[in-house]
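Quick notes on the structure that follows.
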Amino acid sequence: MSSNLLDESLNKTSCGITNKDITCIICPIGCNLKVSFIDGSVIEILGYNCKKGMEYGYSEAVNPTRILTTTIRVEGGVLPVLPVKSDKPLPKNLLFECMKIINLTKIKAPIRLGDMVIENILDSGVNIIATRNIDIKCFS
Ligand code: SF4
């Protein structure tokens, strides 16, 4: 069984079925989904009102991902830190290691919105990109 199936939102029945309760965040309705597994394989998803919700429940149960938003240190800029985000969702189990890399990184100004700050972080296929401009600090 994978580690993402070992969290507190899980409960196991006497017949070996594990249930996971998930709130769908695809739209504001926020349907309550229940995903059932046997031996780590999804056998049933209940509570969704559309196909997107069913797909969200499946991926959130099997391979949960998140967009990472944080800041990164800047050298020589008008601001000391730059807001950044991942250009695609990252597997949740990589977020901690990604933050370690980001915290060790410092980039030079100037930086433009959308610049790639870290390419293919942890070989995930996901890039970390700037979400604002930062100009060079002038010392005149
Ligand atoms: S299951 Fe469909 S209707 Fe329900 S919250 Fe998700 S996207 Fe919205």
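No lab work stands behind these numbers, since they all come straight from the coordinates. Because the structure is a prediction, the values reported are computed rather than measured. With ideal geometry, Cβ positions are generated from the backbone for all residues, glycine too; neighbour counts draw on all protein chains shown.
Yes/no per residue for (1) within 16 Å of the ligand (Cβ to nearest atom); (2) acidic (Asp, Glu):
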| position | (1), (2) |
| --- | --- |
| 30 | yes, no |
| 44 | yes, yes |
| 61 | yes, no |
| 67 | no, no |
| 70 | no, no |
| 78 | no, no |
| 81 | no, no |
| 85 | no, no |
| 92 | no, no |
*Within segment 82-94, is there a residue that is out of contact with any Ser or Thr (no Cβ under 7 Å at 6 or more places or on another chain) and without any contact (Cβ under 8 Å) to a residue 24 or more places away in the chain?*
no
*Return only the number of the condition from (1) over 30 Å from residue 138 (Cβ atoms); (2) not in a helix (DSSP H, G or I) that residue 82 does not satisfy.*
(1)
*Tally the residues that are part of a loop (DSSP other than H, G, I, E, B) and away from the ligand (no atom under 12 Å from the Cβ), restricting the search to segment 17-28.*
1
*Quick one: count up the residues across segment 66-101 that are in contact with a strand residue (DSSP E or B) (Cβ under 8 Å, 6 or more places away or on another chain) and surrounded by 18 or more Cβ atoms within 10 Å (Cβ to Cβ).*
9
